[in-house]
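Readers should treat all values here as calculations from the given coordinates under stated rules, not as data from a laboratory. Everything quoted here is computed from the prediction, not taken from an experiment. A quick note on method: Cβ atoms are made from the backbone with ideal geometry, for glycine too, and the neighbour counts reach across all protein chains shown.
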Amino acid sequence: MGWLFMPFTSMGGHKTAKSYLDAQLTCELEVDGTLRGQRVLASSCPGNRVYYAAAQTLRDGVAGEVFAVVCLVRWNPRSKDGHQFGYKDMSENMGPHEADCPAHILELLSPTANDYARDWRARCRANLAARSRKLADGDRILFPAPITFTDGHEAQEFVVCKRGRSIVLLDPQNGCFYRISRLMARPWSIVPVTRVHKTVFA
């Protein structure tokens, strides 16, 4: 399905992308004497950017499988052409590129044999594991390949410097500080620190 855009006034009173999409994905329709539908069990759409949901199929009121829905979201209150809200929906079976689904939604999904869905779920779990890593002030981290910055400088190993809730990286080679976007989602490893133990003789 392609993109669907609308002004806020067409959202049926919903104030967020999450509430609107929750309502759109919750429905029932009679088909050949059978009442078919689905309902949203859990959803997330932080910052009105990407919507993730666990949707459960319904047949004559009986709950069925639970699958993931992903919607790309465009939220632009200052839109000049009146297209303030837009979304593009897809199922996990389409193998969405966006793979930051929260754990509580993944845990609700039914088992699947679809290769695209299985790959998507694996990428989501890998991203969750990457973001759960912890960094301490003074840790030394190594990226698998050098990173090129806007000033043309390249570096691969950095020292972590925490400044409140933010993290800057010090290049020990030139003494300059750098910020790297989506740091916790990127591949890197902590360089082990070699400690020298001194023997004390009495």
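With helices as the sole contributors, the chain gives -4000 deg cm²/dmol at 222 nm; each DSSP H run of n ≥ 4 counts as -39500 (n - 2.57), and the sum is divided by every residue.
Counting lysine pairs in the chain that sit 8 or more residues apart in sequence, or on different chains, and whose Cα atoms lie under 22 Å apart gives 5. Restriction of the trypsin sites (Lys or Arg not before Pro) in region 37-107 to DSSP coil positions whose beta-carbon has at most 15 other beta-carbons within 10 angstrom yields 49, 78, 80. Within the shell defined by Cβ-Cβ distances under 11 Å, the residues around residue 56 carry a net charge of +1, with Lys and Arg each +1 and Asp and Glu each -1.
Just to confirm a number: summing +1 for Lys and Arg and -1 for Asp and Glu over residues other than residue 156 whose beta-carbon lies under 13 angstrom from that of residue 156, what do you get? Mind dumping the intermediate values first?
Working: positive: 140, 186; negative: 154, 157, 171.
Result for the local shell: -1.
Remark on the chain: ratio of C-alpha radius of gyration to 2.2 N^0.38 Å is 1.41.
Region 22-129: Rg/Rh from Cα coordinates, Kirkwood Rh?
Working: Rg = 15.2 Å, Rh = 14.9 Å.
Using only Cα positions, Rg/Rh for region 22-129 is 1.02.
For the chain, the longest principal axis of the C-alpha atoms and the axis of helix 115-131 are separated by about 40°.
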